[in-house]
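Enquirer: Would you mind keeping the following structure in view while I ask a few things?
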Amino acid sequence: MATLTFEVLSRFQTAADANKLLYAPIADKLTYNHTRLYTAECSGDESAARAYLRGVLVDPISQKVEEDGKPALTGELFCISYEIKKGALDLEKEAIMTNYAGRQGLPFTLRALTITQNIYIFGEGDKEALIERFCKDVCNPAIHTWSVR
């Protein structure tokens, strides 16, 4: 069984004002960037699985992808990684899995797929207080699980 990762981000995305993520603005001058991390568990032909997933997950014109497992962005104050809880409706995951199920004769099996949203926060400030504030405003405990690095 192979684990494949694809962290996808826009080629044209620039750091935006992080206050856009909060319910009430803060004085700190922070910016953010957003990526999606797809983690797939596959068996069978790994190169075919990688090619299929790249074709489904990445628009080669407007997006770039990191597949080495390292973060796509660096220099952040912190990064919030959140995903939909198991059992909650994840429309993007359902669409990908439906696409996979509709294909015939693929030389691999897609056993599991996890989609994680990564929000990279850049700037300076009271890191612990900012983490608490951003997690409170970005993540919904009813439907999300999250971690911070």
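Enquirer: Here is a check on your reading of the model: is Ala101 crowded, with 17+ Cβ neighbours inside 10 Å, over 26 Å from Glu132 (Cα atoms) and either out of contact with any Cys (no Cβ under 9 Å at 6 or more places or on another chain) or not acidic (Asp, Glu) (or both)?
Expert: no
Enquirer: Find the residue count for the stretch 73-98, including only residues that are open to solvent by 50 Å² or more (accessible area, probe 1.4 Å), touching a residue at least 24 places away in the same chain (Cβ under 8 Å) and hydroxyl-bearing (Ser, Thr, Tyr).
Expert: So the answer is 0.
Enquirer: Taking the condition modelled with pLDDT of 95 or more, open to solvent by 60 Å² or more (accessible area, probe 1.4 Å) and of a type in the set (Val, Ile, Thr), does Thr3 pass?
Expert: In short, yes.
Enquirer: Could you list all residues from the stretch 107-149 that are free of Cβ contacts under 8 Å to residues at least 60 places away in the same chain and surrounded by 14 or more Cβ atoms within 10 Å (Cβ to Cβ)?
Expert: Ile131, Cys135, Cys139, Ile143
Enquirer: Given the criterion at pLDDT below 95 and closer than 30 Å to Ala142 by Cα, identify the matching residue among Gly105, Gly87.
Expert: Values: Gly105 fails: closer than 30 Å to Ala142 by Cα.
Step by step, each of Gly105, Gly87 is checked, and only Gly87 is at pLDDT below 95 and closer than 30 Å to Ala142 by Cα.
Enquirer: Would you be able to say whether some residue in the stretch 36-54 is farther than 30 Å from Gln104 by Cβ, of a type outside the set (Gly, Ala, Ser) and out of contact with any Ser or Thr (no Cβ under 9 Å at 6 or more places or on another chain)?
Expert: Within the stretch 36-54, not a single residue is farther than 30 Å from Gln104 by Cβ, of a type outside the set (Gly, Ala, Ser) and out of contact with any Ser or Thr (no Cβ under 9 Å at 6 or more places or on another chain).
Enquirer: Give the residues of the stretch 17-58 that are farther than 22 Å from Asn140 by Cα, surrounded by 12 or more Cβ atoms within 10 Å (Cβ to Cβ) and free of Cβ contacts under 8 Å to residues at least 40 places away in the same chain, sorted by residue number. Spell out the reasoning first.
Expert: Narrowing the stretch 17-58 to residues farther than 22 Å from Asn140 by Cα: 27-29, 40-58.
Now narrow it down to the ones that are surrounded by 12 or more Cβ atoms within 10 Å (Cβ to Cβ): 28-29, 40-46, 48-54, 56-58.
Of everything in the stretch 17-58, just one residue is farther than 22 Å from Asn140 by Cα, surrounded by 12 or more Cβ atoms within 10 Å (Cβ to Cβ) and free of Cβ contacts under 8 Å to residues at least 40 places away in the same chain, namely Ala51.
The values are calculated or read from the model by the stated rules, or taken from the named source; none is laboratory data. Every value quoted in this text rests on a predicted model; they were computed, and no experiment measured them. Every residue, glycine among them, receives a Cβ derived from its backbone with ideal geometry; neighbour counts consider all protein chains shown. Each accessible area value is taken on the protein alone, full model and side chains, heavy atoms only, with ligands, DNA and RNA left out. Shrake-Rupley method; radii C 1.70, N 1.55, O 1.52, S 1.80 Å.
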